[in-house]
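A.B. asks: Following this message is one structure expressed as structure tokens.
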Amino acid sequence: MVVAVIADIVGSRRLPDRSEAQRLFDETIARVDGEHPLAERGLRPTVGDEQQGVYRALDDALASLLLLQLALPDGAEFRFGVGIGQIHPVESEHRSLSDGPGWWAARQAIEIAHERQQRAVPSSRTWIVGAPGQTEVMDTEIAVSNMYLLARDAIVTRMSGRERRLAYGRFNGLSQRALAEQEGITQPAVSKALHASGATALLDGLTMLMGGAR
């Protein structure tokens, strides 16, 4: 089993410069993957406003997607569908392709995330679906993970661009003093922003998700 991820750009039709936005997304994905290489095959554009990537484990996928959310600037957002299941290569004369239950589950997951965002949970950005045939234990793990994602996305979507930058920098090991210099604010202001935004709790959870190592 692997973890397949489909990402689409939130509000892509409202972007004033789609090409410039794509450059920004590409650069941010490359930076996050370079600093935290968790993907087996990192997110890459496919068609329209979609990206696809593959991860070896669910923890790796969830950690990488959160780091990407934190690294993106204001006005740039992804929605993620995470599918757990088999994928396999498909022969083609044009380019390498893959298919399988993992991708079908990821497609279903992103549709659920979008529906939740449009209706009951506007902050929803990420959802997980397991392909048919998962064990009861896996189903329970997915349910718990989706509960975590609902809370996590609610925190991230309320954060300002500065608060996300501070959280990402703090996770990368920068001191509050260094972050204050970067942002042109005081160290107490950095501390207040990290706590008030929920970033401190978010980063503690991320550390646990990545096995306690930073």
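The values are calculated or read from the model by the stated rules, or taken from the named source; none is laboratory data. Please read these numbers as outputs of a predicted model, since none were measured by experiment. When we count neighbours, we look across all protein chains shown, and the Cβ atoms used for this are built from the backbone with ideal geometry, even at glycine.
A.B. asks: Return a yes/no flag: does segment 86-101 have any residue that is under 23 Å from Leu149 (Cβ atoms) and among the charged types (D, E, K, R).
C.D. replies: The answer is no; no qualifying residue exists.
A.B. asks: Then there's this: Taking the conditions exactly as written (in contact (Cβ under 8 Å) with a residue 40 or more places away in the chain and among the polar types (S, T, N, Q)), does Thr200 satisfy them or not?
C.D. replies: So Thr200 does not fit the description; no.
A.B. asks: Val121 passes all but one of (1) out of contact with any Lys or Arg (no Cβ under 6 Å at 6 or more places or on another chain); (2) in a helix (DSSP H, G or I); (3) at pLDDT 95 or above; which number fails?
C.D. replies: Going through the list (1) out of contact with any Lys or Arg (no Cβ under 6 Å at 6 or more places or on another chain); (2) in a helix (DSSP H, G or I); (3) at pLDDT 95 or above, Val121 breaks only (2).
A.B. asks: Please give the number of the condition Gly102 fails out of (1) under 13 Å from the mean Cα position of the chain (by Cα); (2) crowded, with 19+ Cβ neighbours inside 10 Å.
C.D. replies: Here Gly102 meets the rest and fails (1).
Residues checked against (1) part of a loop (DSSP other than H, G, I, E, B); (2) more than 14 Å from the chain's Cα centre (by Cα):
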site	(1), (2)
Phe25	no, no
Pro37	yes, no
Leu70	no, no
Gly75	yes, yes
Arg79	no, no
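A.B. asks: So, of the residues in segment 143-165 that are out of contact with any Gly (no Cβ under 9 Å at 6 or more places or on another chain) and of a type in the set (Ser, Thr, Tyr), which turns out to be surrounded by the most Cβ atoms within 10 Å (Cβ to Cβ)?
C.D. replies: Ser145
Residue-wise test of (1) β-branched (Val, Ile, Thr); (2) assigned to a strand (DSSP E or B); (3) within 15 Å of Leu62 (Cα to Cα).
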residue	(1), (2), (3)
Asp139	no, no, no
Ser145	no, no, yes
Tyr148	no, no, yes
Arg162	no, no, no
Arg170	no, no, no
Lys192	no, no, no
Thr200	yes, no, no
Met208	no, no, yes
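A.B. asks: I've got another one for you. Here is a check on your reading of the model: is Ser191 modelled with pLDDT of 95 or more, among the hydroxyl-bearing types (Ser, Thr, Tyr) and surrounded by 20 or more Cβ atoms within 10 Å (Cβ to Cβ)?
C.D. replies: So Ser191 fails the test.
A.B. asks: Only one of Arg165, Arg170, Arg152 is assigned by TED's automatic domain parsing to the domain that holds Arg79, within 15 Å of Leu202 (Cα to Cα), in contact (Cβ under 8 Å) with a residue 12 or more places away in the chain and touching a helix residue (DSSP H, G or I) at 6+ places or on another chain (Cβ under 8 Å); which?
C.D. replies: On the way: Arg165 fails: assigned by TED's automatic domain parsing to the domain that holds Arg79; Arg170 fails: assigned by TED's automatic domain parsing to the domain that holds Arg79.
Exactly one residue qualifies, and that residue is Arg152.
A.B. asks: Moving on. Just checking, how many residues over segment 100-153 are touching a Ser or Thr at 6+ places or on another chain (Cβ under 6 Å) and farther than 13 Å from Val3 by Cβ?
C.D. replies: Of the residues in segment 100-153, 6 are touching a Ser or Thr at 6+ places or on another chain (Cβ under 6 Å) and farther than 13 Å from Val3 by Cβ.
A.B. asks: Consider only pairs whose beta carbons are under 7 Å apart and that are at least six residues apart or on different chains; among these, list those whose first residue lies in segment 21-45 and is farther than 23 Å from Ser96 by Cα and whose second residue is aliphatic (A, V, I, L, M) and part of a helix (DSSP H, G or I).
C.D. replies: Here the result reads Thr28/Leu68; Thr28/Ala71; Arg31/Ala71; Val32/Leu67; Val32/Leu68; Val32/Ala71; His36/Leu67, each pair linking segment 21-45 to a residue that is aliphatic (A, V, I, L, M) and part of a helix (DSSP H, G or I).
Yes or no, residue by residue, for (1) surrounded by fewer than 23 Cβ atoms within 10 Å (Cβ to Cβ); (2) out of contact with any helix residue (DSSP H, G or I) (no Cβ under 6 Å at 6 or more places or on another chain):
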residue: Ala7; (1), (2): no, yes
residue: Val10; (1), (2): yes, yes
residue: Arg14; (1), (2): yes, yes
residue: Asp49; (1), (2): yes, no
residue: Asp60; (1), (2): yes, yes
residue: Pro89; (1), (2): yes, yes
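A.B. asks: Could you figure out which of (1) surrounded by 15 or more Cβ atoms within 10 Å (Cβ to Cβ); (2) assigned by TED's automatic domain parsing to the domain that holds Ala76; (3) without any contact (Cβ under 8 Å) to a residue 12 or more places away in the chain; (4) among the β-branched types (Val, Ile, Thr) isn't true of Thr140?
C.D. replies: Among (1) surrounded by 15 or more Cβ atoms within 10 Å (Cβ to Cβ); (2) assigned by TED's automatic domain parsing to the domain that holds Ala76; (3) without any contact (Cβ under 8 Å) to a residue 12 or more places away in the chain; (4) among the β-branched types (Val, Ile, Thr), Thr140 violates only (1).
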